[in-house]
Each structure stands twice: as C-alpha cells, then as structure tokens.
Amino acid sequence: MSLDLKAASNIATVLTEALPYIQRFSGKTIVVKYGGNAMTDETLKNSFARDIVLMKLVGMHPIVVHGGGPQIGSLLEKLGIKSDFVQGMRVTSSETMDVVEMVLGGLVNKEIVSLLNKNGGKAIGLTGKDGSFIRARKLKMSHQTPEMQEPEIIDIGHVGEVESIDPQIINMITNSDFIPVIAPIGTGEDGMSYNINADLVAGKLAQLVGAEKLLLLTNIAGVQDQQGEVLTGLSTEQVQDLIADGTIHGGMLPKVRCALDAVSSGVNSAQIIDGRVPHAVLLEIFTNKGVGTQISNRLAHVQ
C-alpha cells in the first residue's frame with residue numbers, strides 16, 4: 001500500500017470510529033472546563049479550539065468555562081500586588097478582584113473567543129455578571145486546630161461559590177450557531193463581584209442544563225491508582241471507595257468531587273482528561289479509549 005493510500009486508510013478508520021459517537025452526541029450539550037497547560041501552550045490552544053468548533057459543526061452544543069490562575073498571578077506580579085493563598089484559594093482583595101476581572105473577563109475570555117472564531121467557529125464571551133446569570137455568595141472558610149474550642153473564620157475577600165445560575169442566556173446561545181465562553185465571575189446580592197473556582201461553575205452549569213458530559217481538563221493523565229496507573233473508567237461507588245482509602249487525595253479531590261456532584265445530579269458522565277495531549281477533547285469524545293478518567297453511574301468499563 002502506498003504512503004498516500006495508507007494515510008487515507010487511517011483517516012477513514014478514524015472517521016468510522018468517530019461516527020457512532022457523533023450520532024450519539026448530536027444535539028447534546030457538553031460542558032468543557034478549560035485550563036492548565038492547554039491554555040498556555042500555542043499548539044494545545046489551537047487544537048482545543050479546533051476540537052470545540054468541530055463539536056459544534058457536527059451538531060453538539062459545547063459550553064466552555066475557563067480558568068486563568070497563572071495569567072492572574074503573572075499580572076499581579078507585574079503590578080507588584082502580593083498573592084496570598086489560604087487552603088489553595090487566592091486571597092482576593094478589592095484591588096486583586098479588579099485584576100481578576102480584567103484578566104478573566106477581558107484578556108483570557110476574549111483570547112479564547114478569538115481562537116474559536118479564527119478556527120471557523122462563532123463564539124460569544126460572557127462573565128457571570130452578564131445578565132446576572134451567575135449569582136454568587138461569599139465563600140466562608142474556617143480553620144481549626146485541636147487546641148481551639150471553635151473554628152477560626154477566615155476572610156479571603158472576593159472569593160465566592162455558586163448560589164444559583166439562570167440558564168436563560170446560555171440556552172439562548174447554545175440553541176443558536178454560537179458557542180458560549182464563560183469566565184467564572186459571579187455577582188452577589190450586595191452587588192459585589194466574586195471570583196469562583198472554574199471547576200465548580202462548570203459542574204453546576206452542567207447540572208443545570210442537563211449536559212450529556214462534563215469534561216474537566218487538567219495537567220495530569222487522570223485519576224491514578226496507588227501504583228500510578230490511570231483508571232480509565234470508574235463508577236461513582238468506586239470513586240467513593242478510592243477517596244475513603246486515600247488513593248484520591250490532594251489537588252485531585254476537588255475535581256473528583258465536582259465530577260461526582262455532576263453525575264449524582266443527572267449529568268450522564270464526567271471526564272477528567274489530560275489537557276496536555278493535543279486534541280484531548282476530541283480523543284475523549286470520539287474514540288473508544290479516550291485520554292483520561294470517566295466517572296459515571298454505569299459500570300466502569302462502559303464508555
């Protein structure tokens with residue numbers, strides 16, 4: 001077989017494998033949390049944009065929710081504003097919140113919109129303040145040591161959690177030719193802006209719109225067992241066992257709990273995928289093997 005014919009044959013094989021997935025997910029909503037290395041590497045940025053545009057072109061309804069921690073940290077450093085963290089959360093003063101809004105709602109959001117548009121899509125950038133569609137409440141954090149009778153309440157400023165999401169704007173956009181790109185900034189009852197963890201916004205949004213899938217891009221290969229092997233398919237019961245025995249711990253815990261909450265609330269499946277792999281989103285959705293860990297209420301081997 002000549003080189004050209006072999007290449008053509010490989011393309012045909014890929015398209016044939018993808019066809020049942022395209023048929024299954026056409027008309028379905030898929031929420032993608034975009035962050036990590038995939039947001040900073042030029043090759044990965046463009047492969048991500050092409051993935052999302054292709055999803056829309058074959059009849060799916062992708063919704064992108066993005067983070068921007070490294071970009072926020074970089075600008076704060078340039079401005080000489082010190083960053084402090086409590087339990088992994090950035091302490092966000094009014095001054096810092098101005099930078100967060102500038103970076104998330106402006107720089108990062110519009111870059112993603114431009115990338116999608118450049119690759120043939122039609123994207124619209126939003127923050128949760130647009131139409132007040134993400135209502136936030138101040139995140140309350142506490143700290144307690146054995147010698148303390150009561151926990152100490154820690155004020156970390158303009159950091160919030162999702163109180164409610166109004167789906168009206170998102171439904172209007174997803175039912176059109178446009179792709180919504182959402183920065184995780186919400187508005188409180190006090191009119192103040194709050195920075196919200198992008199994983200949490202993506203998870204709550206997936207629940208609200210009845211998404212078929214929630215994809216969480218991360219900087220590792222997926223959930224791993226105690227030998228470091230990636231667990232490709234897990235039921236919710238298996239995940240609970242892995243948390244209980246300490247296999248899932250540290251920085252992976254919030255993502256896994258976000259995925260569990262989504263699946264427990266009606267999202268068909270949640271995937272924690274390796275954003276360092278080119279076209280990770282397409283590989284997860286359109287191939288038999290995928291590139292991460294799927295969590296669902298079904299048997300672990302079912303994709």
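The values are calculated or read from the model by the stated rules, or taken from the named source; none is laboratory data. Predicted model, so just to flag it, every value in this text is computed and none were measured. Virtual Cβ from ideal backbone geometry, glycine too; neighbours counted across all protein chains shown. Protein only, heavy atoms only, side chains kept; ligands, DNA and RNA dropped before computing areas. Shrake-Rupley method; radii C 1.70, N 1.55, O 1.52, S 1.80 Å.
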Considering the range 73-114, what Rg and Dmax in Å follow from its alpha-carbon atoms?
11.2, 34
Once the Cα gyration tensor of the range 1-130 is found, what semi-axes does its equivalent ellipsoid get, as square roots of 5 times the eigenvalues, in whole Å, sorted largest first?
37, 17, 13
The rounded separation in angstrom of the Cα centers of the range 250-301 and the range 172-230 is 12
FRET efficiency, PHE178 to ILE22 (Cβ-Cβ, R0 22 Å, nearest 0.05)
0.60
On a full-extension model of 0.36 nm per residue, what is the gain between GLN227 and ASP166, subtracting their alpha-carbon distance, rounded to one decimal in nm?
17.7 nm
ARG257 versus ASP245: modelled label distance in nm, points set 7 Å from Cα along the beta carbon direction
2.2
Exposure ranking of MET172, MET97 by accessible area [1.4 Å probe, largest first]:
MET172, MET97
Setting aside same-chain residues fewer than 8 positions from LYS129, which aspartates and glutamates have a Cα under 17 Å from its Cα?
ASP98, GLU101, GLU161, GLU163, ASP166, GLU189, ASP190
Suppose every Lys and Arg Cβ carries +1 and every Asp and Glu Cβ carries -1, with no other charges. What dipole size does the range 170-229 come out with about its Cα centre, to the nearest 20 debye?
100
Please work out the Kirkwood hydrodynamic radius for the range 140-275, using every pair of different C-alpha atoms, and report it in angstroms with one decimal place.
17.1
Taking only protein heavy atoms and a 1.4 Å probe, the highest-to-lowest accessible-area order of LYS289, LYS56 is LYS289, LYS56
Mean Kyte hydropathy of 0.0 or more with a Cα span along the axis of at least 15 Å, helices from DSSP in the chain
3-25, 42-57, 198-209, 252-264
If one puts a single equal scatterer on every Cα of the chain and applies the Debye formula without solvent, what log₁₀ I(q)/I(0) results at q = 0.12, 0.16 Å⁻¹?
-0.81, -1.39
So how far apart, in nm, are the two label points at LEU75 and THR40 if each is 7 Å from Cα heading toward Cβ?
1.6
